[in-house]
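The values are calculated or read from the model by the stated rules, or taken from the named source; none is laboratory data. Quick caveat: nothing in here was measured; it's all calculated off a predicted structure. Neighbour counts run over all protein chains shown; Cβ positions are idealised from the backbone, glycine included.
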Amino acid sequence: MAARKKSSGKRKYGEAASKTVESAMRRRKRGTLKSGPGGKGGRVKSRKQAIAIGLSEARKKGAKVPRKSSARKSSGRKSSGRKSSGRKTPGRKSARRK
């Protein structure tokens with residue numbers, strides 16, 4: 001028997017978040033869960049996608065859900081000392097022949 005990891009008593013996801021994910025999974029099973037803003041996309045068949053949609057809905061409701069890992073990675077990145085204006089410097093224009 002493997003040793004169990006001792007829990008600190010602090011939950012990563014709240015009770016409301018798990019209920020929302022359960023609901024999303026149920027809707028996926030019934031075939032009524034749709035992707036995209038306002039459910040305007042196609043039907044969700046993937047289990048992982050259903051969980052992601054459930055967590056996203058829970059996040060919008062204000063339930064205890066950790067931040068998205070992708071959002072954390074991009075916001076933690078700092079720019080280098082120089083700032084670019086977003087425009088490339090114009091190169092030499094070639095002389096047109098008539």
*asked:* If I filter the stretch 75-95 for residues that are part of a helix (DSSP H, G or I), at pLDDT below 85 and out of contact with any Gly (no Cβ under 8 Å at 6 or more places or on another chain), do I get at least one hit?
replied: yes
*When residues of the stretch 8-26 are filtered for being surrounded by fewer than 18 Cβ atoms within 10 Å (Cβ to Cβ) and either out of contact with any Lys or Arg (no Cβ under 8 Å at 6 or more places or on another chain) or of a type in the set (Asp, Glu) (or both), how many remain?*
10
*What number of residues within the stretch 27-44 are more than 16 Å from the chain's Cα centre (by Cα), surrounded by fewer than 11 Cβ atoms within 10 Å (Cβ to Cβ) and not in a helix (DSSP H, G or I)?*
4
